[in-house]
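Only the coordinates and a few stated rules stand behind these numbers; no lab work does. For clarity, every value in this text was computed on a predicted model and none was experimentally measured. We place every Cβ from the backbone using ideal geometry, glycine too, and count neighbours over all the protein chains shown.
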């Protein structure tokens, strides 16, 4: 998930996402998806994650969360057989949501969602669907799907659900990172330095407030960055926020 950041806008984006509402537990993710499902008028949801790295042939989509009550394996296989390769290829080149139509009379209306979506071949599955792509880095790629019958999803609804889907992945990854946190805990001074750095203080200002040398402050920030398995100070701050160590 960690990506090298170099521009002020990118730095602000990473810290803003990290400071969004606290990480939800598994049941909370289900609740959030059920709310989104109700908003779009769907009958089911599913979260697909990309597994496998390196060559494209090594990558595949797997279903990591769903609410199919019956024949979950069959539904997952049918979905991935019908659209899995197209979704994987799409994720490499585009962030437009994807839609497809089932065999029923209630179908997507082209004029309402067309400019904001990519259309998959119709009637390959017994239900229609929307697939919102998420691309956050090596471990954070996939889709949030809603399935059922739909009539004319508005462009505003498409955009809003896409944003919520991306935030869902951010929170899921944060929960996974917390489970994988190194055993070495951050010291009080490392946390204090990270907190002030996250508040916008430069090393000289932190040193003055803490009564330390600039060299010592930078050393604390460096060890904190290493412990958090981040590649730079900004990523360390963002990760500490996501894990709930600082605010």
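Which value in Å is the Kirkwood Rh of segment 23-179 over different Cα pairs?
On the way: mean 1/r = 0.0636 Å⁻¹.
The answer is 15.7 Å.
Going by how many other beta carbons lie within 10 Å of each one, how would you line up 243, 33, 221, fewest first? Don't jump to the answer; show the numbers that get you there.
On the way: 243 17, 33 24, 221 21.
Arranged by neighbour count, lowest to highest, 243, 33, 221 become 243, 221, 33.
Apply 1/(1 + (r/R0)^6) to the Cβ-Cβ distance of residue 118 and residue 51, taking R0 = 30 Å, and write down the FRET efficiency to the nearest 0.05. Don't skip to the end; give the middle numbers.
On the way: r = 23 Å, r/R0 = 0.76.
Efficiency, rounded to the nearest 0.05: 0.85.
Sort 88-99, 69-80 for me by packing, meaning the mean count of neighbouring Cβ atoms within 10 Å per residue, highest on top.
Working: 88-99: 16.2, 69-80: 13.8.
Ranked from most to least packed, the peptides come out as 88-99, 69-80.
Where does each of 199, 188, 171 land when they are ranked from fewest to most other beta-carbon atoms within 10 angstrom? Each step should come with its number before you reach the end.
Numbers: 199 12, 188 8, 171 21.
Sorted ascending by nearby Cβ count, the order is 188, 199, 171.
Give the calculated FRET efficiency between residue 135 and residue 67 to the nearest 0.05, with a Förster radius of 22 Å applied to their Cβ-Cβ distance. Show your work: numbers first, answer last.
Numbers: r = 24 Å, r/R0 = 1.09.
E between residue 135 and residue 67, to the nearest 0.05, is 0.35.
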